[in-house]
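> Just dropping this structure here.
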Amino acid sequence: MLNPGAETNFKSHYGIPVFSNFQLTIGNTGFQMGDLFSNDSRSFNEKFEKVLDQLSPDDYINLNTKVDVLSFGYRYDNKTYISVGFYEELDLMVYFPKDAIEGLYYGNDPFFNRSFSISQAIMKADILGVLHAGMSRKVDEKLTIGGRVKIYSSSLNVETNNNSGSITTTTNNINISRLTLQNLDAEIRTSGIADSNDVFSNTLLGGNLGLGFDVGLTYHFSPQLEFTGSILDLGFIKHSKNTRNFTAKGNYILDGINFEYNSDDPLDYWQQLEQDIDARIPTEETEDAYTSWRPMKLNAALKYSFGERRNKLCYSKTHKQYYYNSIGFQIHTIMRPLKPQFSFTSFYEKSLSKKIHTKFTHTINDYSAAIFGFATSLQVGKLNIFGVLDNILAVTDVASANNISLNFGFNIVID
């Protein structure tokens, strides 16, 4: 699934439903859980204020999980392998709106003459199903290419981005605090919110549909030097069912409320304020259709194999040479609303036998510069079992970890 142009040296594979591939990633670039909940003499407010001080509007929380419901592949001929499947995905990306958090926590008193930006409100949440079919083709002994077409079915989408405007507190010429909301232009787009009871049933062609593509290749510069690369989720979703969009545009100045007591004619000051704001900052709710782009992913890796060579009997009784050791690096990038998420990984692969393979990794990304991972693949008869843990240190000390990612699966592979 990471590269539709990967080499396949077997006749067919059959994913065990729901268990063929499970992936979970949780990450937070702003702070560690121990920063808020460490057992020391400081109060929670002190810890929170320190975390808030070090936060940046570029910091974010990311949650992603994927479950393969169905997965199947077979060899069409000696050069062509075809695969089909269906998986469900949840993806959440929320950036910390530092200005808004500070304003809500401290109030506006400490921040006179400072403009708080509304553009920091950026988030995107998706629940969708993906029906896919792909094919890889061995062009020659050096080059394998592949592609995959995807039909997206989104059951829930919430996103807001490209907002603008500012909130500033000043003192006017009569010594009254003036709150100025300037050039507000904000929008929240949603689909599936009004039909939340069918969130999971709509992931199978029952929601808002879209189209996407994956492409990839594998190239051998020599028997020992290999390059792989892929572009995933180059696609979009057209949201036209159960859409609710909210917009607000305008300017507003508040010089406080001048209370006047009149028992014979009491005034509802808060209602007057609400009406005044509505008049100057009109809001609108629509059911307009909109297009949401999938977060495109770029992968590239270079691997050098060495050490003891072995032969493996593949499909059609052909032999392929493998090496027991390899080193290399890989680059992974996800396009996000504010900026791309980038990861650089160096790795060492070691085959303990023809049936047991291991991989050790060191990754540098937004979360940390010291992420150590481990992966293994085990063949038991026709059953292939694999597991990946991207951050081993997080298992022993969750409180000091910024992220954790795991991946495992069970598949039947026919050589």
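The values are calculated or read from the model by the stated rules, or taken from the named source; none is laboratory data. For clarity, every value in this text was computed on a predicted model and none was experimentally measured. Ideal geometry is used to build each Cβ from the backbone, glycine not excepted, and the neighbour counts take in all protein chains shown. Heads up: the accessible areas ignore ligands, DNA and RNA and are worked out on the full protein's heavy atoms, side chains in. Shrake-Rupley method; radii C 1.70, N 1.55, O 1.52, S 1.80 Å.
> Provide the packing ranking of 34-44, 48-58, 205-215, i.e. peptides ordered by the mean count of other C-beta atoms within 10 Å per residue, highest first. Could the numbers behind the result be given before it?
On the way: 34-44: 10.5, 48-58: 14.2, 205-215: 18.8.
The packing order, highest mean first, is 205-215, 48-58, 34-44.
> Please give, to one decimal in nm, the separation of the simple spin-label points placed at residue 308 and residue 41, each 7 Å out from Cα toward the Cβ.
According to this spin-label approximation, the distance is 5.9 nm.
> Hey, what number do you get for the chain at 222 nm if only DSSP H runs of n ≥ 4 count, each worth -39500 (n - 2.57), divided across all residues, to the nearest 500?
Values: 5 runs with 42 residues, N = 415.
Using -39500 (n - 2.57) per qualifying helix, the result is -3000 deg cm²/dmol.
> Could I ask something else about it? Rounded to the nearest Å, what's the spacing between the alpha carbon centres of segment 348-410 and segment 1-41? Just the number, please.
9 Å
> Please list 33, 335 from largest to smallest accessible area, probe radius 1.4 Å, with all protein chains kept in place. Could you put the intermediate results ahead of the total?
Working: 33 95, 335 70 Å².
Reading off the accessible areas and sorting them downward yields 33, 335.
> Computed FRET efficiency, Cβ-Cβ of residue 322 and residue 53, R0 56 Å: what is it to the nearest 0.05?
About 0.60, to the nearest 0.05.
> While we're on this one: Taking a probe of 1.4 angstrom, what is the accessible area of residue 123 in Å², to the nearest 10?
Counting only protein heavy atoms, residue 123 exposes about 50 Å² to solvent.
> Taking 37 °C and 0.692 mPa s as the conditions, I'd like the Stokes-Einstein D for segment 199-255 in µm²/s, using the Kirkwood hydrodynamic radius from alpha carbon pairs. Before the final figure, lay out each step's value.
Numbers: Rh = 16.5 Å.
Roughly 198 µm²/s, to the nearest whole number.
> Another question about this same structure. Is the C-alpha gyration tensor of segment 106-246 telling us rounded, prolate or oblate? Criteria: a/c under 1.5 is rounded; beyond that, a/b larger than b/c is prolate, otherwise oblate.
Oblate, because a/c is 1.5 or more while a/b does not exceed b/c.
> Determine the order of 200, 227, 111 by accessible area, beginning with the largest, at a probe radius of 1.4 Å. Before the final figure, lay out each step's value.
Values: 200 140, 227 65, 111 30 Å².
Result of the area sort, largest leading: 200, 227, 111.
> Right, another one. Let me make sure I get this right: for segment 275-415, a, b and c are the square roots of the gyration tensor eigenvalues over alpha carbons, sorted descending. Under 1.5 in a/c it's rounded, otherwise prolate if a/b > b/c, else oblate. Which is it? Show your work: numbers first, answer last.
On the way: a/c = 2.77, a/b = 2.11, b/c = 1.31.
Here segment 275-415 falls in the prolate category.
> Which entries in the list 47/249; 79/359; 241/297; 11/142 go over 25 Å, if you measure between the two C-alpha atoms of each?
Flagged as over cut-off: 47/249; 79/359; 241/297.
> Treating the angle as unsigned and between 0 and 90°, give the value, to the nearest 10°, between the Cα long axis of helix 269-280 and the longest Cα principal axis of the chain.
60 degrees
> Can you find, among 358, 399, 305, the residue sitting farthest towards the positive end of the charge dipole of the chain, where Lys and Arg contribute +1 and Asp and Glu -1 at Cβ?
Of the listed residues, the answer is 305.
> At 1.4 Å probe size, put 362, 220 in order of accessible surface, largest to smallest. Before the final figure, lay out the partial values.
Numbers: 362 50, 220 25 Å².
From most exposed to least exposed: 362, 220.
> Would you mind calculating the gained length between residue 238 and residue 145 on full extension (0.36 nm times residue separation, minus the Cα-Cα distance), in nm to one decimal? Don't skip to the answer; put the middle values down first.
On the way: separation 93, 0.36 × 93 = 33.48 nm, distance 2.91 nm.
Residue separation times 0.36 nm, minus the Cα-Cα distance, leaves 30.6 nm.
> Roughly how many debye, to the nearest 20, is the charge dipole of the chain about its Cα centre, given +1 on each Lys and Arg Cβ, -1 on each Asp and Glu Cβ, and no other charges?
Values: 37 positive and 45 negative charges, 722 e Å.
In debye, rounded to 20, the chain gives about 3460.
> Within 10 Å of each candidate Cβ there may be at most 14 other Cβ atoms; applying that plus a DSSP loop requirement, which trypsin sites (Lys or Arg not before Pro) in segment 82-177 survive? Don't jump to the answer; show the numbers that get you there.
On the way: sites: 98, 114, 124, 137, 138, 142, 148, 150; in loops: 114, 142.
Hits after loop and neighbour filter: 142.
> Something else about it: To make sure I understand the rule: partners must be aspartates and glutamates, Cα under 16 Å from the Cα of residue 98, and not fewer than 8 residues away in the same chain. Which ones qualify?
49, 53, 58, 59
> Sticking with this one: Candidates (i) 20.2; (ii) 19.1; (iii) 26.3; which is the computed mean projected area of the Cα convex hull in nm²?
Identified label for the calculated read-out: (iii).
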